[in-house]
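Notes follow once the structure below has been shown.
The values are calculated or read from the model by the stated rules, or taken from the named source; none is laboratory data. As the structure is a computational prediction, the values presented were derived from the model and not from experiment. Don't worry about glycine lacking a Cβ; one is built from the backbone with ideal geometry, like all the others, and counts go over all protein chains shown. The area values use the complete protein model at the heavy-atom level, side chains included, leaving out ligands, DNA and RNA. Shrake-Rupley method; radii C 1.70, N 1.55, O 1.52, S 1.80 Å.
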Amino acid sequence: MLRKITTLLAMLTFLGSMLASAMFFDDNSRYVQVDRDDTTESYIDMNSIQNIRYDPPYYMIRATVITYDYTTNIATGYENNYFYNFKRQTIKAQTIATCVYDGYGVPSPFMPIANPTVSPADPVNSIAADNAFFSCYNIKFYHTSTN
């Protein structure tokens, strides 16, 4: 009897830990982690990357960044435009739509944002934009000068 209870407890503990850590972006090469802290994790969806403008030194790429918030257990998708100035090494970001993902990675319909603003990219978007740039052009956006 004690053996059955011990086995049952071990199975419940194992299944509970699997459910707590198994998210659609875990161990999936489609999602590349761009940030994490004590309450959130952010990923860029590599399948969402769209090359919109190629006009060196200016570029524009659209991509979705997903942030999972452990305090609410909600994954939110942000469809972003990234505006690059390769010569000046600057990136600006504009969130144009948002959605919510279920536990299987299925998004709700994207809801457009009225009058989206463009501002310098924050650290999460800078890393996501750098990944998107590399995906499109096979070179890193941020470079160092040899002068």
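Test of the criteria: in the stretch 20-99, which trypsin sites (Lys or Arg not before Pro) are in a DSSP loop and have at most 10 other Cβ atoms within 10 angstrom of their Cβ?
Passing sites in the stretch 20-99 are Lys87, Arg88.
For q values of 0.13 Å⁻¹, compute log₁₀ I(q)/I(0) with the Debye formula on a Cα-only model of the stretch 67-147, without solvent.
Calculated log10 I(q)/I(0) at the listed q: -0.51.
To the nearest 0.05, what FRET efficiency results for Thr40 and Gln89 with a Förster distance of 25 Å applied to their C-beta separation?
0.40
Rounded to the nearest whole Å², what accessible area per residue is found for the stretch 103-147 with the 1.4 Å probe?
72 Å²
Charges at C-beta only: +1 for Lys and Arg, -1 for Asp and Glu. How large is the resulting dipole of the stretch 40-147 about its Cα centre, in Debye rounded to 20?
Rounded to the nearest 20 debye, it is 520 debye.
Quote the FRET efficiency, to the nearest 0.05, computed for Ile52 versus Phe110 with a Förster distance R0 of 25 Å and r equal to the Cβ-Cβ distance.
Result of the calculation: an efficiency of 0.95.
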